[in-house]
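Participant: Can you keep this structure in mind? I'll have questions shortly.
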Amino acid sequence: MNLINFEFILTFILPQLIYATFLSAVIAAIVGGIVGLITGAIARRIKHTIIPAMVGAFIGTMLVAMTPIYASPETYIGGPFGGLAILLKMMVLVPAGSIIGGVLGAAYEQKLTFQVKRRITWMGLLFTYTLMVILLYFNLAPAAFQFVKSSGQEPNFLPRIGRIIGYEQKFSGYNQRISSLAFTQDGQQLVIANIGDIRVWQLDTGKLVHTFPGPPDGSTTLNDQIIAIAITPDNKTLVTAAPQQIQLRELKSGKILHRLEGSDYIKLAPDAKTLIGFKKADNPTADVGIWELSNRKLLRTIPANIETLGSGYPVDITSDGKTLVIANSSYSNQIEIRDINTGKRLQSFGDNQGKRISTLVITPDGKNLITAQNNNLQIWDMNTKKIVKTIPNVGTVNHLLVTPDSQTLISSGDRLHIWQITTGKKLLTWQRPPKVYTTEVALSPDGKILAATDDRGVRLWRLALAR
């Protein structure tokens, strides 16, 4: 078990130390130089006081100004309020630290021997950097990435398997918010993606087996800010979707094999020969693209006008891989059935109520369609294309999952609910932590393990329900 988050130290704390060192050196050169000239003129030792005053000003700036500024979570809020807070701290702490440090540095130069001065200087620098690292780490660092196995019953919910932690969002400058989850076909591994990084966890051992970091400089573009992931049934290829690109990666190495002009949403057909995604667009709505995975060619585009600003999308594929179900307008519940091979519209049903369907899912047996709209869930009979059950007041719903036996529905958004599809009865509810804005969910292919994000990472439960 890792007790120290070395990744955070290398990727976040080290760059902050470099920035603070550079800024302090510039300030020390100016303020320390002035203080050294003044104190040297008073003592008539100008030649000997400038450098010690600069060193003292540097240590003073680092200790009094840079350490409290860089170690404060408020520094990384961003926006006008964050900038104003930093400016006020700089105006007060930088002059105080640099002037006091410069005066002390010049004063010690006149009273101590060279050997003692050198020893004090090195000890001061070591103390300064050690203190800064400690304060930055304990104030800002999330827990080290680890799998914490657990047992017993989650209160009023499901039997626990464990938690994957290390994704806690303590401040806005270090974004670990999870954007998507996916199980491998055998259910042995869970892939977790945040905005820039991907991690692969072996569930039976609890080991982190692969880490695929984002760009080495820490900056991500709209091509690599991961929003959604999917894994091919052979467990060889990981598909990721970003706002302006879909990427095919090797699951074992994370190496990008191919790039497609798609965005935001991805779903693999059951035979894994076809990939469904959104066609890359420059506006907040998108059409559905269908790609052939073997040659990465775009086979066709289906007009859909789906909003891409949300976290759930009203698109799904039937379990036989032959048809596509789309709620094709941002503000209606018009639903289309499309032939996946031709793109031809086979059926259209629903009405135009001006209330957006946020997401939908087809049951594996093809008998029911579940849609989320206006804080309600609707269960449709796919033979009659009629709503057979409405579940009201469920709150915001971003994701819908159905177990392989087509009996159980999982909805996530404001809360995580588990429903019986045939009756619409609510079986269980898990209240998400207050710091979590939306709950990402994944279900193992055999339907036995449910994963959901929380404020520290991911919780895993056994989906054992009494029928």
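Participant: Could you check D271 against (1) over 17 Å from L181 (Cα atoms); (2) surrounded by 14 or more Cβ atoms within 10 Å (Cβ to Cβ) and say which number it fails?
Facilitator: Unmet condition: (2).
Here's the yes/no breakdown for (1) in a helix (DSSP H, G or I); (2) touching a strand residue (DSSP E or B) at 6+ places or on another chain (Cβ under 8 Å):
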{"position": "G101", "(1), (2)": "yes, no"}
{"position": "L104", "(1), (2)": "yes, no"}
{"position": "E109", "(1), (2)": "yes, no"}
{"position": "T121", "(1), (2)": "yes, no"}
{"position": "T128", "(1), (2)": "yes, no"}
{"position": "R160", "(1), (2)": "no, yes"}
{"position": "V191", "(1), (2)": "no, yes"}
{"position": "H210", "(1), (2)": "no, yes"}
{"position": "G214", "(1), (2)": "no, no"}
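Participant: Keeping to the range 219-253, report how many residues are within 11 Å of A193 (Cβ to Cβ) and either touching a helix residue (DSSP H, G or I) at 6+ places or on another chain (Cβ under 7 Å) or of a type in the set (G, A, S) (or both).
Facilitator: Total satisfying the criteria: 4.
Participant: Quick test for you: out of D455, D446, pick the one residue that is closer than 21 Å to G187 by Cα and not hydrophobic (A, V, I, L, M, F, W, C). Can you show your working first?
Facilitator: Values: D455 fails: closer than 21 Å to G187 by Cα.
From the options D455, D446, the qualifying one is D446.
Participant: Still on this model: Is there a residue being modelled with pLDDT of 85 or more, in contact with a Pro (Cβ under 8 Å, 6 or more places away or on another chain) and charged (D, E, K, R) anywhere in the range 419-432? Steps first, answer last, please.
Facilitator: Residues of the range 419-432 that are modelled with pLDDT of 85 or more, as a first pass: 419-430.
Still in the running and in contact with a Pro (Cβ under 8 Å, 6 or more places away or on another chain): none.
Checked against the condition, which is being modelled with pLDDT of 85 or more, in contact with a Pro (Cβ under 8 Å, 6 or more places away or on another chain) and charged (D, E, K, R), the range 419-432 yields no hits at all.
Participant: Give the residue, chosen from G262, G277, G254, G196, that is within 14 Å of the chain's Cα centre (by Cα), of a type outside the set (A, V, I, L, M, F, W, C), under 25 Å from W291 (Cβ atoms) and assigned by TED's automatic domain parsing to the domain that holds A452. Even if it seems obvious, please write down each step before you answer.
Facilitator: Working: G262 fails: within 14 Å of the chain's Cα centre (by Cα); G277 fails: within 14 Å of the chain's Cα centre (by Cα); G254 fails: within 14 Å of the chain's Cα centre (by Cα).
The match here is G196.
Participant: Could you tell me whether any residue of the range 410-422 is acidic (D, E) and not in a strand (DSSP E or B)? Explain how you work it out, then say what you get.
Facilitator: If we filter the range 410-422 for residues that are acidic (D, E), which is where we start, we get 414.
Filter once more, keeping what is not in a strand (DSSP E or B): 414.
Yes; the residues of the range 410-422 include at least one that is acidic (D, E) and not in a strand (DSSP E or B).
Participant: Please specify each residue of the range 414-436 satisfying the condition of being in contact (Cβ under 8 Å) with a residue 60 or more places away in the chain and of a type outside the set (A, V, I, L, M).
Facilitator: T429, W430, K435
Participant: Do you know which residues across the range 101-132 are surrounded by 14 or more Cβ atoms within 10 Å (Cβ to Cβ), at pLDDT below 85 and over 14 Å from F58 (Cα atoms)?
Facilitator: Of everything in the range 101-132, those that are surrounded by 14 or more Cβ atoms within 10 Å (Cβ to Cβ), at pLDDT below 85 and over 14 Å from F58 (Cα atoms) turn out to be A107, Y108, E109, L112, K117.
Participant: Considering the range 349-363 alone, what residues qualify as being at pLDDT 90 or above and assigned to a strand (DSSP E or B)?
Facilitator: The first filter runs over the range 349-363 and keeps only residues at pLDDT 90 or above, leaving 359-363.
Once the filter is applied, which keeps residues that are at pLDDT 90 or above and assigned to a strand (DSSP E or B), the range 349-363 yields T359, L360, V361, I362.
Participant: May I pose another question? When both residues are 6+ apart or on different chains and their Cβ atoms are under 8 Å apart, which pairs have a first residue that lies in the range 364-386 and is within 13 Å of I421 (Cβ to Cβ) and in the same structural domain as G350 (by TED's automatic domain parsing), and a second that is assigned to a strand (DSSP E or B) and among the basic types (K, R)?
Facilitator: Close Cβ pairs satisfying both conditions: Q378/K389; I379/K389; W380/K386.
Participant: So A272 ticks every box in (1) touching a Pro at 6+ places or on another chain (Cβ under 7 Å); (2) part of a strand (DSSP E or B) but one. Which box is left unticked?
Facilitator: (2)
Participant: Only one of these conditions is not met by D455: (1) surrounded by 18 or more Cβ atoms within 10 Å (Cβ to Cβ); (2) under 24 Å from F147 (Cα atoms). Which number is it?
Facilitator: The one condition D455 does not meet is (1).
Participant: Within the range 376-394, is there a residue that is under 29 Å from I449 (Cβ atoms), modelled with pLDDT under 90, surrounded by 19 or more Cβ atoms within 10 Å (Cβ to Cβ) and under 28 Å from the mean Cα position of the chain (by Cα)?
Facilitator: Checked the range 376-394: no residue is under 29 Å from I449 (Cβ atoms), modelled with pLDDT under 90, surrounded by 19 or more Cβ atoms within 10 Å (Cβ to Cβ) and under 28 Å from the mean Cα position of the chain (by Cα).
The values are calculated or read from the model by the stated rules, or taken from the named source; none is laboratory data. Small disclaimer: the values here were computed from a predicted structure and weren't measured. Counting neighbours? That spans all protein chains shown, and the Cβs are built from the backbone with ideal geometry, glycine included.
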